[in-house]
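**Q** Shown below is the structure under consideration.
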Amino acid sequence: MKQEKIIAASDILAVQMNHWTLFAVITAAAGLGGRKPPFSLWALCSLLPVLFFFIRRYTNGFLILTGSHLLCLALLFSAPVPGLAVKSLLCVYGIGLAIYSFSLQIRTKERLDEPIVPAVSAGIIAVSLFLLHYQGYSESDFYFVCMIVFYFACYYIRCYFQHYLYFIAVNTGSTGYIPRREIFAAGTRLSLLLILPCMAVILLFSDLNWLSVLLKGLRQGVLWLREHGFFAFLASLFSGVEEHFTEPMQDAGPAGPPGMLPAAGEAGLFWQILEKLLEVFVFCFLFLLLLFALFKFVRMVLERFRRKKLFTADSFSDGGGDIRERYEAKREKREKKNGSVLAFLHPAEKIRRIYRQRIGAKRDRMLKENPGSARLFESRTARECGNAFQEESLSLLYEKARYSNMICTRDDVRKAGRKPRGT
């Protein structure tokens, strides 16, 4: 997937997060005014910040930008909205959105939106819901649950997009080929597999009315099987009574003690036992499913932390840079502090001094002859600088002395002191 498409998708998620967070304020205003929240109108208005993004991102003309924004605002103001409070909030939202879009065009280079902070978004939704409940209005609770679920679903998907873009930016300069399509597809599958089911579970368990409907349907199915299905045949075997009768039987009165027979309208002993067994089975099934999911989650977390530990143990890079290069100065100070006074006589230090003196002298001569070549040495490594002056063997010895844990010998110092022919 192209990088620009991912940037556009990330920005669209950000504007939708902001848009539907502010729907909590519209819902609260409509509820306090005794009206139904304008969900359809607000869903249509969600196209407005997306349109502003594309105009701002891919056009540079002032007249095009101004005219398109004014046209969108005119359409928004002319929309039929019941209630003065909701109409005023929509007008304020449109004007604020246009001003914010113009400010992004002027003061930013990328012209991208920023989402509302999760804590602020949750606070806006919570305060709006509190105001409605304080006034005794609780018919819009499902809207607020959907808002918070939608916000965090978009938030986590956008986090994945941002981390992917950061990964590409860091590794583009240091890696020859990056399988971007494969990496993005694999990460997208894992992210959606984790995010969407979690949000669906939160949405389902926010209102348990569907569970009562499901249990009611299950009970009706059991009753149907008891009267018409295979269970009716089993019950006839246990009771020793024929399953079908040509004539209705006469009530012969109780044939046993008064507490042994079920009362009128009460299910028999067989159906009571079967109902209890089904309840126990459903409870055990749900409990085992929960344990299985918990076991999978714990094992996944342990594997991830184990992989991270192994990765950090074997890694020599951090953020696109070389850790050995970054902390070389600290290592030198620590060695000087802990080493002896005669550490400068060590073969490794002698090789490094030889390299600095010889390469530094040749570099100074080149800068005198060609002052414009100073930039070439700012981005070159030690080996590249040595190869530029035909000092390949000295560069290898310098890398051995500076980076490796191998012990440098006097023979290495003699090899470093030999100047190449022709110099």
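**Q** Could you list, in sequence order, all residues of the stretch 8-57 that are among the basic types (Lys, Arg) and touching a residue at least 12 places away in the same chain (Cβ under 8 Å)? Before you say what the answer is, go through the steps one by one.
**A** So in the stretch 8-57, the residues among the basic types (Lys, Arg) come out as 35-36, 56-57.
Listed by number, the residues that qualify are Arg35, Arg56, Arg57.
**Q** Against the condition in contact (Cβ under 8 Å) with a residue 12 or more places away in the chain, open to solvent by 30 Å² or more (accessible area, probe 1.4 Å) and either part of a helix (DSSP H, G or I) or not polar (S, T, N, Q) (or both), how does Cys91 come out, does it pass? Talk me through it step by step, then tell me what you get.
**A** Numbers: in contact (Cβ under 8 Å) with a residue 12 or more places away in the chain: yes; open to solvent by 30 Å² or more (accessible area, probe 1.4 Å): yes; either part of a helix (DSSP H, G or I) or not polar (S, T, N, Q) (or both): yes.
Judged against the criteria, Cys91 is a match.
**Q** Please pick out the residue among Ile168, Ile99 that is open to solvent by 30 Å² or more (accessible area, probe 1.4 Å), at pLDDT below 90, aliphatic (A, V, I, L, M) and assigned to a helix (DSSP H, G or I). So that I can check it myself, show each step before the final result.
**A** Values: Ile168 fails: open to solvent by 30 Å² or more (accessible area, probe 1.4 Å).
That would be Ile99, the only listed residue that is open to solvent by 30 Å² or more (accessible area, probe 1.4 Å), at pLDDT below 90, aliphatic (A, V, I, L, M) and assigned to a helix (DSSP H, G or I).
**Q** Considering the stretch 113-140 alone, what residues qualify as being part of a helix (DSSP H, G or I) and closer than 12 Å to Ala28 by Cβ? Give the steps one after another, and end with the answer.
**A** Within the stretch 113-140, the first condition is being part of a helix (DSSP H, G or I), and the residues that meet it are 118-134.
Result: Ile124, Ile125, Ala126, Val127, Ser128, Leu129, Phe130, Leu131, Leu132, His133, Tyr134.
**Q** Answer with yes or no whether Glu110 is within 17 Å of Ile12 (Cα to Cα) and outside any helix (DSSP H, G or I).
**A** On the way: within 17 Å of Ile12 (Cα to Cα): yes; outside any helix (DSSP H, G or I): yes.
Answer is yes for this residue.
**Q** Does the stretch 136-179 hold any residues that are of a type in the set (Phe, Trp, Tyr) and more than 22 Å from the chain's Cα centre (by Cα), and which are they? Show your work before the answer.
**A** First, the residues of the stretch 136-179 that are of a type in the set (Phe, Trp, Tyr): 137, 142-144, 150-152, 155-156, 160-161, 164, 166-167, 177.
Tyr137, Phe142, Tyr143, Tyr177, listed by residue number.
**Q** Could you tell me whether Leu51 is among the aliphatic types (A, V, I, L, M), in a loop (DSSP other than H, G, I, E, B) and open to solvent by 40 Å² or more (accessible area, probe 1.4 Å)? So that I can check it myself, show each step before the final result.
**A** On the way: among the aliphatic types (A, V, I, L, M): yes; in a loop (DSSP other than H, G, I, E, B): no; open to solvent by 40 Å² or more (accessible area, probe 1.4 Å): yes.
Spelling it out, it is not the case that Leu51 is among the aliphatic types (A, V, I, L, M), in a loop (DSSP other than H, G, I, E, B) and open to solvent by 40 Å² or more (accessible area, probe 1.4 Å).
**Q** Which residue pairs have Cβ atoms under 9 Å apart, sit 6 or more places apart or on different chains, and have a first residue in the stretch 391-412 that is open to solvent by 20 Å² or more (accessible area, probe 1.4 Å) and a second that is β-branched (Val, Ile, Thr) and part of a helix (DSSP H, G or I)?
**A** Sorted first by the residue in the stretch 391-412, then by its partner, the pairs are Leu397/Ile351; Leu397/Ile354; Leu397/Val413; Lys400/Ile351; Arg402/Ile351.
The values are calculated or read from the model by the stated rules, or taken from the named source; none is laboratory data. Small disclaimer: the values here were computed from a predicted structure and weren't measured. Neighbour counts are summed over all protein chains in view; Cβ atoms, including those assigned to glycine, are modelled from backbone coordinates with ideal geometry. Side chains are part of the model used for accessible areas, which takes the heavy atoms of the whole protein and leaves out ligands, DNA and RNA. Shrake-Rupley method; radii C 1.70, N 1.55, O 1.52, S 1.80 Å.
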